[in-house]
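No lab work stands behind these numbers, since they all come straight from the coordinates. Just so we're clear, the structure is a prediction, and the values are computed from it rather than from any experiment. Cβ atoms come from the backbone with ideal geometry, glycine included; neighbour counts cover every protein chain shown.
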Amino acid sequence: KLPVIIDCDPGHDDAVMLMLAVGSGLFDIKAITTSAGNQTQEKTLKNALKILSLLKADIPVYKGCEKPLFRQLIIADYVHGEEGMDGPILPEPDKQPEQLPAIQAIAKILTESDEKVTLVPTGPLTNIATFLLAYPHLKHKIERISLMGGGAFRGNITPNAEFNIYVDPEAASIVFNAGVPITMCGLDVTHKALVFQEDIERFRSAGNRTGTVIAELMDFFSIFYRKERSELEGGAALHDPCAIAWLIDPSMFQSKPCYVDVETSGKLTTGTTVVDFFDVLKKTPNTEFVYDIDREKYINLIYDSIRGLP
Ligand code: BDR
Ligand code: CA
């Protein structure tokens, strides 16, 4: 099993990402750390605990940073609702977060692990950047960072910038410049990783509670997409599970090694991932830039993975 630490801000698509990660059975999930993004840290932490309680997954959860490195927190309640994961009625979590702060937990796990560990961030990169700043000597224990964030050819919070990067661009800049191999599943691919009504009905009829919860999450999530992203023709962009699906089966995707950096001080473009797709700069690529996906395979992978869950 591939050892991973997942850093997320659930979040509807983060929740599905967690279900895929657990349900696939292919990962040794050493920890889940939570980021502030879709909602406040307090809420994303609680949501992560709720999902793990639902999945009956015994994975330690650690609380991450409450604010971006230098900026005020921006949340996406306009997509994810008041609690950050609105839609299904989930019971109070039967788990508590661990005492250790997320950054120290990542350091402890990496120090103690004999193998390198893959980091999977699907929210703003505040925790990962803080970890890299505080423990640079542990960088060599990171196998890869497979993240959801950014976009070469589109944005969703500004015309150019994607939410996770825009919330904490300085953190993203630290991560992309860390010298660790990165896989970037940005909007170029995630706006093709669409879930349609018929997929939602398939999840609903999977016969387990997790299937019902995914369907109820996607019912709520789709409201925003149908209203604000009519270009996607009724589909909702199921962003975050791409970062896990790429680790499971990269052949489902198309990608290209590229040099990527992050704009932190643009007049119009703050938070943009600048992807050198045509290798104009002739710099050594730091990122596997993912731009296309076999959508049917992706939905099937999620469906097959969640069927064995509670
Ligand atoms: C990203 O922002 C969040 O709203 C989603 O969970 C995803 O990680 C998409 O821009
Ligand atoms: Ca997310």
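On the stretch given as region 228-242, residues that are surrounded by fewer than 24 Cβ atoms within 10 Å (Cβ to Cβ) and within 13 Å of the chain's Cα centre (by Cα) total 1. May I ask you to verify whether Asp86 is acidic (Asp, Glu), more than 29 Å from Leu138 (Cβ to Cβ) and outside any strand (DSSP E or B)? When the stated conditions are applied, Asp86 passes them. Would it be correct to say that Pro124 is in contact (Cβ under 8 Å) with a residue 24 or more places away in the chain and over 17 Å from the mean Cα position of the chain (by Cα)? When the stated conditions are applied, Pro124 does not pass them. Of all residues in region 257-284, those satisfying the criterion of being surrounded by 15 or more Cβ atoms within 10 Å (Cβ to Cβ) and not in a loop (DSSP other than H, G, I, E, B) are Cys258, Val260, Asp261, Val262, Thr273, Val274, Val275. For region 41-63, the criterion of being touching a residue at least 12 places away in the same chain (Cβ under 8 Å), over 18 Å from the mean Cα position of the chain (by Cα) and over 16 Å from Leu18 (Cα atoms) is satisfied by no residue at all. When region 101-120 is limited to residues that are closer than 14 Å to Lys30 by Cα and not in a helix (DSSP H, G or I), the one that is nearest to ligand 2 (Cβ to nearest atom) turns out to be Val120. Looking at this structure, is Thr122 at negative phi and buried (at least 24 other Cβ atoms within 10 Å of the Cβ)? Against the criterion (at negative phi and buried (at least 24 other Cβ atoms within 10 Å of the Cβ)), Thr122 qualifies.
Residues being touching a residue at least 40 places away in the same chain (Cβ under 8 Å) and either charged (D, E, K, R) or out of contact with any Phe, Trp or Tyr (no Cβ under 9 Å at 6 or more places or on another chain) (or both): count how many of those fall in region 144-158. Residues that pass the stated criteria total 3. Scan region 164-180 and give yes if some residue there is touching a residue at least 12 places away in the same chain (Cβ under 8 Å), touching a His at 6+ places or on another chain (Cβ under 6 Å) and surrounded by 24 or more Cβ atoms within 10 Å (Cβ to Cβ), otherwise no. No, that holds for no residue. The residues of region 25-62 that are among the hydroxyl-bearing types (Ser, Thr, Tyr), crowded, with 21+ Cβ neighbours inside 10 Å and out of contact with any Phe, Trp or Tyr (no Cβ under 9 Å at 6 or more places or on another chain), listed by number, are Ser35, Thr44, Tyr62.
The residues in region 35-76 that are outside any helix (DSSP H, G or I) and within 15 Å of ligand 1 (Cβ to nearest atom) can be counted, and the count is 12. Here Val167 passes the criteria (1) closer than 16 Å to Cys8 by Cα; (2) of a type outside the set (Ser, Thr, Tyr); (3) near ligand 1 (Cβ under 10 Å from one of its atoms); (4) touching a strand residue (DSSP E or B) at 6+ places or on another chain (Cβ under 8 Å) except the one numbered (4).
On the stretch given as region 7-36, residues that are of a type outside the set (Ser, Thr, Tyr), under 11 Å from the mean Cα position of the chain (by Cα) and closer than 22 Å to Ile74 by Cβ total 10. The residues listed here are Val16, Val22, Val79; of these, the one that is closer than 22 Å to Arg307 by Cβ, among the hydrophobic types (A, V, I, L, M, F, W, C) and within 14 Å of ligand 1 (Cβ to nearest atom) is Val16.
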